[in-house]
1. Checking a compactness column here: for the stretch 130-174, what do you get for Rg(Cα) / (2.2 N^0.38 Å), N being the number of residues?
2. Once the Cβ-Cβ distance between HIS117 and ASN89 is put in as r, and R0 is 22 Å, what FRET efficiency do you end up with, to the nearest 0.05?
3. Could you give the accessible area per residue of the stretch 72-214, probe 1.4 Å, as a whole number in Å²?
4. Averaged across orientations, what area in nm² does the convex hull of the alpha carbons in the stretch 145-201 project?
5. State the Cα centre-to-centre distance between the stretch 131-164 and the stretch 51-99 in whole Å.
6. With labels modelled as points extended 7 Å from the Cα through the Cβ direction, what inter-label distance (nm, one decimal) is found for PHE99 paired with GLU189?
7. In the stretch 165-214, if the dipole is taken from +1 on Lys/Arg beta carbons and -1 on Asp/Glu beta carbons about the Cα centre, which of THR197, GLN210, TYR174 is farthest to the positive end?
8. Could the peptides 160-170, 76-86, 119-129 be put in order, highest first, of the mean number of other beta-carbon atoms found within 10 Å of their residues?
Amino acid sequence: MKSLGNFFSRALHHHADTESSNNSRDQDSVYLLLGQKPGAPDKTAGTPSREEVLNYLGQLAKDYHLPPKLVYAVADAESNFNVGLVSHNYGHGKHGSKFIKSTDYGLMQINSKRINHDVVRDSAGHKMKIDGSVVQDWKANARAGVAILKHNYDLVGLAEGAGASREDLTLGTYSAYNHGTRHWHKFLERGKDGTPTDPGNRNFLERYHQSSER
């Protein structure tokens, strides 16, 4: 994966910042919430089978013009397709005490700091605010995750250019999903065997290679 120049870093940071709700200047916009109703889970969703999850992710991949294999591998790496997974991210205080910095929810492990804060776009380009529905509604969680993934995919594609391999684009996209759009390129180092040295990226790439296009 080629390194980024200052031009691309500035372009990515500016583009990423425009998607934050705190930085939005469009005061007249009405955001489309990710849930069926504000804060309400989809009552018809229930606990889905693995096949239902894969089918829904596949449809989202089609809607967003993303490689299905990429979408499946991200969900697999993030949660092993467990729609009810809750993971805590810990920090350490001055005296060594642990505290919860943030929490990741559901199928796509949407971070709590995004909820009621970040704005993404649906497949038609309409703004959507990530709300509390992603905690209880697995479909809302999937929609939020794939929307974030599409944003990252476009940014990494812009940075890498037309000469990037599919694997480079795929790994960069997940790195941005996992580490953020400001720091993703710092985690792309590979060892002598060609595998990523970052454990999260290495796990993702293994899942990606095992995933099918369905």
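The values are calculated or read from the model by the stated rules, or taken from the named source; none is laboratory data. All of these numbers come straight from a predicted model, not from anything done at the bench. Note that each Cβ is placed from the backbone with ideal geometry, even for glycine, and that neighbours are counted across all protein chains shown. Just the protein is used for accessible areas: all its heavy atoms, side chains included, with ligands, DNA and RNA removed. Shrake-Rupley method; radii C 1.70, N 1.55, O 1.52, S 1.80 Å.
1. Working: Rg = 13.2 Å, N = 45, 2.2 N^0.38 = 9.3 Å.
In units of the 2.2 N^0.38 Å rule of thumb, it is 1.42.
2. Values: r = 16 Å, r/R0 = 0.72.
After rounding to 0.05, the efficiency reads 0.85.
3. Value returned for the stretch 72-214: 48 Å² of accessible area per residue.
4. Numbers: hull surface 15.4 nm².
Mean projected area for the stretch 145-201: 3.9 nm², to one decimal.
5. When both Cα centres are located, 11 Å separates them.
6. 3.1 nm
7. TYR174
8. Working: 160-170: 13.1, 76-86: 17.6, 119-129: 15.8.
Per-residue Cβ counts within 10 Å, averaged per peptide and sorted highest first, yield 76-86, 119-129, 160-170.
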